[in-house]
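Have a look at the structure that comes next, please.
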2 protein chains.
Amino acid sequence: MSKRIDFQTDPSKYRHWKVSTDGEVATLTMDVDPSAGLFEGYELKLNSYDLGVDIELADAVQRLRFEHPEVKAVVMQSGKDRVFCAGANIRMLAGAAHAHKVNFCKFTNETRNTFEAAGAESGQYYICAVKGACAGGGYELALACDHIILADDASSSVALPEVPLLAVLPGTGGLTRVTDKRKVRRDLADVFCAMEEGVRGKKAVDWRLVDDAVPNSKFDETVAARVSEYAAKSQRPADAKGIELTPLKRTFNDDGGVTYSTVEVEVDRAKRRATITINGPADAAPASVEALHAEGAETWMLRCARELDDAILHLRLNELELGVVVFRTQGDPEQVVAHERFLLDNRSNWLAKEILLYWKRVLKRVDMTSRSLVALVEPGSCFSGVLAEILFAVDRTYMAEGDFEGDNRHVASITLTEANFGPFPMANDLTRLETRFLGEPERVGAARERAGEALEAFDANELGLVTFAYDDIDWEDEVRIFLEERASFSPDALTGMEANLRFAGPETMETRIFGRLTAWQNWIFQRPNAVGEDGALRRYGTGVRGEYDLRRV
Amino acid sequence: MSKRIDFQTDPSKYRHWKVSTDGEVATLTMDVDPSAGLFEGYELKLNSYDLGVDIELADAVQRLRFEHPEVKAVVMQSGKDRVFCAGANIRMLAGAAHAHKVNFCKFTNETRNTFEAAGAESGQYYICAVKGACAGGGYELALACDHIILADDASSSVALPEVPLLAVLPGTGGLTRVTDKRKVRRDLADVFCAMEEGVRGKKAVDWRLVDDAVPNSKFDETVAARVSEYAAKSQRPADAKGIELTPLKRTFNDDGGVTYSTVEVEVDRAKRRATITINGPADAAPASVEALHAEGAETWMLRCARELDDAILHLRLNELELGVVVFRTQGDPEQVVAHERFLLDNRSNWLAKEILLYWKRVLKRVDMTSRSLVALVEPGSCFSGVLAEILFAVDRTYMAEGDFEGDNRHVASITLTEANFGPFPMANDLTRLETRFLGEPERVGAARERAGEALEAFDANELGLVTFAYDDIDWEDEVRIFLEERASFSPDALTGMEANLRFAGPETMETRIFGRLTAWQNWIFQRPNAVGEDGALRRYGTGVRGEYDLRRV
């Protein structure tokens, strides 16, 4: 699995999904091409999926929000007879490296969260129209929708057969959404998750596994009725015209680095480190909403979000040995504020709002990135507002103090704005500053009083916004020592430590999926009962069951 | 590690702890005997601990609550010079089987929760007086106390050096308590958890790691002052006389079974199953508070709690291959209600209250037991009130319906009481019925309206109290099929599934410790970076660092 995985696509390249829109309704049809797997060695039968299928889905969901603002309800359905979706492809899982499996699960989880959030945040609701077998990851697709309609016939059922069949967990939020979103009674959830064959018809409704079970004769009319109900709840603008998400301009280097228009990724494989530099806007903020729409995908705030998102996904899936990601910025801090201010001032406009919501998702992608994250606030940097959020997303922040000899860039500073106090909550539903100051909540207020100021190191440190501040004499050594030390620790222990330290405070379905379910799945993905020579994943399809070490731990 | 681990002890047998009391103050001194490890192959140097040390601590905490009701503040301190506690013994961890490590961590976590709860629930507060190095599990002992006083000198520090030194996590709640109890800022927590040497003096206070840092000259007076402050908050009765926790009467069989006075444990190793039968009270409930005190440890509610607790711990640590634990009861349902009623009616009495609080802990021990749990409500059973809680703690409940041919015992029924609606919350701070009916909260009320009735299978099923009800024609087959099926699944997948399904609803520090931290630690305990030939745990003390696979997942 050494070819580069590309997270950029567009509908003209899709092999697995079809998207059509008709006024306020879109239809998203899953029709996986068995021969178009991302890697060799498996066929994507029965609408089973691999990462490539999910990359298309993520793209489709994203485009529906930006390119089709008029859409209020999305019907997710299968293009195959008698099967909705068989879940993640087992042979792909059996053959994939542990790190690929884990990052595959993380990305699919993020994608599920994306269309689950589309209804709540943007009034673009997902309705899952299930005909045929809907199993494992297939049912997890349905679970992330706002409403599930199941055909009441002999061949349609929902199931989570992972435990009995594959000795792994439903890894894309299934267990969590069954108990916490759909609130299925826990003993019934136990029965459901221990059966291979799943549940059909009325029982699926009684157990709260689906919302409707209707005979085929009434299926289409029920779907239409639900579409109307959800569309009626939506505040989406009926007459808005979307913008096109044009292809990103990127150049990949041989060493893993990438150059985008606003983002530069440098990779030092020997030192196991990537550096992401975000360059602030060169041009002024749009002068009007019309100008914003005219700029479309070119507007700095959207372009930067898309590029940063792509850069992080590239590092996650293609550069598995990098242990540390360093975030830098360069540019005019006031220009960043101006661009962001424009969107915040115009958030009643759907496009301005969508760009802000996209930043929310990108910042969560940073939070969830399982590498040691550090930000360097250097001379010439522009950590303002939304970019300053990165300082509170990373594990540590180092800030340069005062003038650096021979460096004529402006002195390092941090500018807080409204963006740091509400619009970009973490998965725990708190802002990053609220999470940071859980023990001293008065500090959030103290920081807020200084919003708008370019805070230099002394003030930033006093306010608790950075971990360390060093002048030019100590800066280089201190940063180098930290980076070297971090690269020397066990990556596993760091993964576990960071996952536990990053999300203090309240838990949500999302923190539970990433914090708890993922941890259990990581463990199970290591265990011979699942992945060993005689484990269930390897033996799947051979007609012979997995052989298990029967000790409970 | 095949000798039987015994969870029963008493102060006359302690090798590692000294307990003394002086009026309202107790002192708990850790002075580990290096040569008295539970197993061969390691020495418990520097107040490091193994399960045997923790069994004594759990016993001491329990006895302070029952035998010393007059104690309001407990000072935890070290009996060694220059070291408070070095944490869990590394050579023990390096040599222990995975299942032992995991269950060791679980028991130590439960013990930490016990003394953390003693202050909040019973007004018996723990004050940790730290002199010398307090590292890893040592600092986790301190973190579970209500207050931490650190000597401000060159040799006293707190540290969580697991990640840099051992490539594992602080596994006894350290990460969670640092972020969620003490609310240490997350970047400072990152720095703290990545340093071997720990933090001393004023910085430890500034970072919120300890409550006081005082010079040795003022150490004793500060401890005394804090003791007075906490004692003043306590509502413990000053003149109460404790009861003695007399030795349990037990007989162990060769096959892993145990016979207690109220509890019978049968083990079928071939079928990988244990059956725990609880026998209801033979005698009437105490007639008065004086009678309760006179019965002391013999009173049925306390005796049964102690025996059930011991039985579960025995199965967890000594019978690692058992996959399923079956809970049965036999006895007079009304007698159970009478005994429980007496305690609930007299909970203003310290002893009645402590027995109820002990049941709360025992029921949580059931929740946390990582085996498939099933309850069988059979003819002759007495699942009333506190025993009915077991039905809602297990993964599934099977109930016998109506008369069973040739069986003259009373028809199976369930009696709900006040005990099912408040006094025994789970780790998520909800009652088990609230957790069960998260999706249909009105069902809690519906069940409550039927409290006091002996509900037979039809009603119990309608109310959602049981998973399945079968008459005598189907009963045996259905139960057998389930038990066989369950025993055939991968234990790892079941562990992960059950851990995710059992604790729906809100999260607390406790659910986070057991659900999230434990899962990550389980994973890390499997990884070669920690436990492989060249891993950090194995190499500890050799002067050579662990060799790590550097891929991040």
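Every read-out reported here was derived from the displayed coordinates using simple, explicitly stated rules and does not represent laboratory data. All of these numbers come straight from a predicted model, not from anything done at the bench. A quick note on method: Cβ atoms are made from the backbone with ideal geometry, for glycine too, and the neighbour counts reach across all protein chains shown.
Most exposed first by the Cβ proxy, i.e. fewest other Cβ within 10 Å, how do B:C193, A:C85 rank? Mind showing how you got there, number by number?
On the way: B:C193 25, A:C85 28.
Taking fewest neighbouring Cβ atoms as first place, the list is B:C193, A:C85.
Would you mind giving the mean number of other chain beta-carbons within 10 Å of the Cβ of each residue in A:540-549, as a whole number? Can you show the working numbers first?
Working: counts 0, 0, 0, 0, 0, 2, 3, 1, 8, 4.
So the per-residue partner count for this stretch is 2.
Based on the alpha-carbon gyration tensor of the range A:39-92 and its eigenvalue square roots a ≥ b ≥ c, which shape applies: rounded if a/c is under 1.5, prolate if not and a/b is larger than b/c, or oblate? Write down the numbers at each step before the final one.
Values: a/c = 4.03, a/b = 1.74, b/c = 2.31.
In terms of gyration-tensor shape, oblate.
Sequence-distant or interchain residues sharing an amide H contact under 5 Å with B:L44, placed H: which?
Close amide H contacts, sequence-distant or interchain: B:S35, B:A36, B:G37.
Could you tell me which of rounded, prolate or oblate describes the range A:135-270, using a ≥ b ≥ c as the square roots of the eigenvalues of the alpha-carbon gyration tensor, with rounded for a/c under 1.5 and, failing that, prolate when a/b is larger than b/c and oblate otherwise?
oblate
Computed FRET efficiency, Cβ-Cβ of B:S228 and A:E449, R0 35 Å: what is it to the nearest 0.05? Before the final figure, lay out the partial values.
On the way: r = 39 Å, r/R0 = 1.11.
Here the calculated transfer efficiency is 0.35.
Roughly speaking, what is the centre-to-centre gap between the range B:96-127 and the range A:291-355 when only Cα atoms are used, to the nearest Å?
Measuring centre to centre over Cα atoms gives 46 Å.
Can you list the HN-Hα couplings for the range A:504-517, worked out from phi with the Karplus curve (6.51, -1.76, 1.60; θ = phi - 60°), rounded to whole Hz and with x for Gly and Pro?
Values per residue, Gly and Pro as x: 6, x, x, 9, 10, 3, 5, 5, 5, 5, 7, x, 9, 4 Hz.
Now, a different point. Using θ = phi - 60° and the Karplus relation 6.51 cos²θ - 1.76 cosθ + 1.60, list the HN-Hα couplings for the range A:409-420 in order, rounded to whole Hz, with x at every Gly or Pro.
6, 5, 4, 4, 8, 10, 10, 7, 9, 3, 4, 8
I've got another one for you. Which lysines, on any chain, are close to A:K271 with Cα under 17 Å apart, when same-chain ones fewer than 8 places away are left out?
The reachable lysines, counting only those whose Cα sits under 17 Å from A:K271, number zero.
Sticking with this one: Could you list which residues have their amide H under 5 Å from that of B:A469, counting only those 5 or more apart in sequence or on another chain, with H placed in the peptide plane?
Amide H to amide H, under 5 Å and 5 or more residues apart or across chains, B:A469 pairs with B:M399.
Of the DSSP beta bridges with both residues in chain A, give the percent that are antiparallel, rounding to the nearest 5. Please report the intermediate quantities before stating the final value.
Values: 19 of 63 bridges.
Restricted to chain A, the bridges split so that about 30 percent are antiparallel.
How large is ³J(HN,Hα), in whole Hz, for each residue of the range A:197-203 in order, when computed from phi with the Karplus curve 6.51 cos²θ - 1.76 cosθ + 1.60 and θ = phi - 60°, using x for Gly and Pro?
Once rounded to whole Hz, the list reads 7, x, 10, 10, x, 4, 4.
Follow-up. When you count, for each residue, the other Cβ atoms within 10 Å and take the mean per peptide, how do A:158-165, A:100-107 rank with the highest first?
By packing density, highest mean first, the sequence is A:158-165, A:100-107.
In which sequence would A:D50, A:D283 go, from the one with the fewest C-beta neighbours within 10 Å to the one with the most?
Numbers: A:D50 24, A:D283 11.
Starting with the residue having the fewest Cβ neighbours, the order is A:D283, A:D50.
Net charge near A:D395: determine it from the other residues with C-beta under 11 Å of the C-beta of A:D395, scoring Lys and Arg +1 and Asp and Glu -1.
Charge balance in the 11 Å sphere: +1.
Still on this model: May I ask which residue of A:N500, A:G201, B:T9 lies farthest towards the positive end of the charge dipole of the protein assembly as shown, with charges of +1 (Lys, Arg) and -1 (Asp, Glu) on Cβ and the Cα centre as origin?
B:T9
Could you tell me the relative contact order of chain A? Use alpha-carbon pairs under 8 Å, at least six residues apart, and round to a whole percent. Please report the intermediate quantities before stating the final value.
On the way: 1067 pairs, mean separation 65.0, N = 553.
Taking the mean separation of contacting Cα pairs over the length of chain A, I get 12 percent.
Here is a follow-up. At a Förster radius of 60 Å, what calculated FRET efficiency corresponds to the Cβ-Cβ distance of B:D220 and B:E462, to the nearest 0.05?
Values: r = 64 Å, r/R0 = 1.06.
With a Förster radius of 60 Å, E is 0.40.
Let me ask you something else. Would you compute, from DSSP H runs of 4+ residues alone, the mean residue ellipticity of chain B at 222 nm, taking -39500 (n - 2.57) per run and dividing by the full residue count, rounded to the nearest 500? Don't jump to the answer; show the numbers that get you there.
On the way: 21 runs with 218 residues, N = 553.
Per the formula, -11500 deg cm²/dmol.
Give me a single rounded figure for A:501-508: the average over its residues of other chain Cβ atoms within 10 Å of their Cβ. Could the numbers behind the result be given before it?
Working: counts 12, 4, 5, 12, 3, 3, 9, 1.
That average works out to 6.
Also: Using +1 on the beta carbon of Lys and Arg, -1 on that of Asp and Glu, and nothing else charged, what's the dipole of the range B:497-548 about the Cα centre, debye to 20? It would help to have the intermediate numbers written out before the result.
Details: 7 positive and 6 negative charges, 18 e Å.
Value, rounded to 20: 80 debye.
Also, I was wondering about something else. Is there a quick way to get the dipole size of chain B? I mean about its Cα centre, with the Cβ of Lys and Arg at +1 and of Asp and Glu at -1; what is the value in debye to the nearest 20? Please list the in-between numbers first.
Working: 67 positive and 89 negative charges, 535 e Å.
For chain B, the charge dipole is close to 2560 debye.
For the pairs B:K3/B:K181; B:K45/B:K203; A:K13/A:K202; A:K106/A:K353; A:K203/B:K101, note any where the Cα-Cα span goes beyond 31 Å.
Values: B:K3/B:K181 37 Å; B:K45/B:K203 28 Å; A:K13/A:K202 39 Å; A:K106/A:K353 26 Å; A:K203/B:K101 42 Å.
Going by Cα-Cα distance, B:K3/B:K181; A:K13/A:K202; A:K203/B:K101 fall outside the 31 Å limit.
Provide a whole-number value for the mean count of partner chain Cβ atoms within 10 Å of the Cβ atoms in peptide A:317-323. It would help to have the intermediate numbers written out before the result.
Values: counts 0, 0, 1, 4, 4, 3, 4.
Averaged over the peptide's residues, the number is 2.
Please state the charge dipole magnitude for the range B:393-520, taken about the Cα centre, from unit charges on C-beta atoms (+1 on K and R, -1 on D and E), reported in debye and rounded to the nearest 20.
Details: 12 positive and 27 negative charges, 182 e Å.
Taking the Cα centre of the range B:393-520 as origin, the dipole is about 880 debye.
Related question: Amide H to amide H under 5 Å from A:L455: which residues, 5+ apart in sequence or cross-chain, H placed 1.01 Å off N in plane?
Those qualifying (amide H under 5 Å, at least 5 residues apart or on another chain) are A:I414, A:T415, A:L416.
In whole Å, what is the distance between the alpha-carbon centres of the range A:252-271 and the range B:240-278?
63 Å
Please report the relative contact order for the range A:11-233, taking Cα pairs under 8 Å with a sequence separation of at least 6, and give it as a percent rounded to a whole number. Each step should come with its number before you reach the end.
Numbers: 437 pairs, mean separation 38.5, N = 223.
Normalised by residue count, the contact order of the range A:11-233 is 17 percent.
Hey, fewest Cβ within 10 Å first, where do A:W17, B:W523 land in order?
So the residues, fewest neighbours to most, are A:W17, B:W523.
Measuring label to label, 7 Å along Cα→Cβ, what does B:D477 give against each other copy in nm, shortest first?
Its label point is 8.0 nm from the equivalent points in the other copies.
Work out the charge dipole of the protein assembly as shown with +1 on the Cβ of Lys and Arg and -1 on the Cβ of Asp and Glu about the Cα centre, then indicate which of A:T176, A:V265, B:T397 is farthest towards its positive end.
A:V265
Per the Kirkwood formula on distinct C-alpha pairs, the Rh of the protein assembly as shown is how many angstrom? Walk me through the intermediate numbers first.
Working: mean 1/r = 0.0323 Å⁻¹.
About 30.9 Å for the protein assembly as shown.
Could you pull the copy-to-copy label distances for B:E197, with points set 7 Å along Cα to Cβ, in nm to one decimal and sorted shortest first?
6.7
Along Cα→Cβ at 7 Å, what distances in nm separate the B:E334 label point from those on the other copies, shortest first?
8.7
Express in whole angstrom the spacing between the alpha-carbon centres of the range B:531-553 and the range A:455-533.
Spelled out, the Cα-based centre of one part sits 20 Å from the other.
Would you please classify the overall shape of the range A:250-497 from the alpha carbon gyration tensor, given that a ≥ b ≥ c denote the square roots of the eigenvalues, rounded means a/c under 1.5, and beyond that prolate means a/b larger than b/c while oblate covers the rest?
Rounded, because the longest to shortest axis ratio a/c is under 1.5.
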